[in-house]
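What follows is a single structure, written as structure tokens, with notes after it.
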Amino acid sequence: IASEVLMRFAPDKMDSPLLVPPPNFGMVDKGIYRSGFPSKLNFDFLTQLRLKSVVRLCSERDSSFEDFCQRRNVQILDLGTEGNREPFVEIDSKVLQTALAHITDQKKLPVLVHCSKGKHRTGCVVACLRKLQRRSLTFIFDEYERFTGRGKSELLDLQFIELFESTTRQK
């Protein structure tokens, strides 16, 4: 069906690769993107972003993605971390600070931040970035829910975001 649509509406684009973003893809800020774990289907799309780095928040690995990044000189910052879980597990504060330092470093941009599904761990990192940007909790929680799905927020994530404080707030 995709080829029929292309033929009808963009016949000059028939030889172009189909650009498919990774799951839960979104632009966070200029040069900062978020998503779930990319697959081969997403590589042409990611190439268009001209990424300099990737912040990986999950422990999953995929050799094709590793190869894709290596061929394009994209640095992978591996911060595989657990998400917030009962009874006493939360995202490691050192991991969070490292991720935030990386994505706010202009030399590392454009950057893709991802976890398995691009929802909870990625959502927490993005939400903490929003707190550094002095966004309201209403805005932050709304954005978090847009990526997790309405009514699928993790209470522990929301609490983690609300309680996040940093002495390195941006002005």
Problem set entry | Residues of region 12-59 that turn out to be under 18 Å from residue 147 (Cβ atoms) and of a type in the set (Asp, Glu), as a count | 1
Seminar exercise, completed: Exception for residue 135 within (1) modelled with pLDDT of 95 or more; (2) in a helix (DSSP H, G or I) falls at (2)
Problem set entry | Output for region 13-32, where each listed residue is in a loop (DSSP other than H, G, I, E, B) and either more than 11 Å from the chain's Cα centre (by Cα) or surrounded by fewer than 11 Cβ atoms within 10 Å (Cβ to Cβ) (or both) | 14, 15, 16, 17, 18, 19, 20, 21, 30, 31
Exercise. Hey, does region 43-56 have a residue that's modelled with pLDDT of 90 or more, under 15 Å from the mean Cα position of the chain (by Cα), surrounded by 13 or more Cβ atoms within 10 Å (Cβ to Cβ) and of a type in the set (Lys, Arg)?
Worked result: yes
Exercise. Would you pick out the residues in region 148-166 that are within 24 Å of residue 105 (Cα to Cα) and either open to solvent by less than 60 Å² (accessible area, probe 1.4 Å) or polar (S, T, N, Q) (or both)?
Worked result: 160, 161, 164, 166
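Every residue, every condition in (1) under 18 Å from residue 78 (Cβ atoms); (2) over 16 Å from the mean Cα position of the chain (by Cα), yes or no:
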site	(1), (2)
114	yes, no
118	yes, no
124	yes, no
134	no, yes
145	no, no
149	no, no
For this session: Give me a count of the residues in region 117-147 that are touching a Gly at 6+ places or on another chain (Cβ under 6 Å) and within 22 Å of residue 46 (Cα to Cα).
Result: 5
Exercise. Taking into account only those residues within region 107-132 that are modelled with pLDDT of 95 or more and open to solvent by 50 Å² or more (accessible area, probe 1.4 Å), which is farthest from residue 94 (Cα to Cα)?
Worked result: 107
Problem set entry | Residues that are in contact with a Lys or Arg (Cβ under 7 Å, 6 or more places away or on another chain) and closer than 12 Å to residue 99 by Cβ, drawn from region 113-140 | 113, 114, 115, 122, 126, 132
Problem set entry | Pairs with Cβ under 6 Å, 6+ apart, first in region 82-104 and over 19 Å from residue 34 (Cβ atoms), second at pLDDT below 85 and open to solvent by less than 10 Å² (accessible area, probe 1.4 Å) | 90/84
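The values are calculated or read from the model by the stated rules, or taken from the named source; none is laboratory data. These numbers come from a predicted model, not from an experiment. Reconstructed Cβ throughout: ideal geometry from the backbone, glycine too, with neighbour counts over all protein chains shown. Please note that ligands, DNA and RNA were not included when accessible areas were found on the heavy atoms of the full protein model with its side chains. Shrake-Rupley method; radii C 1.70, N 1.55, O 1.52, S 1.80 Å.
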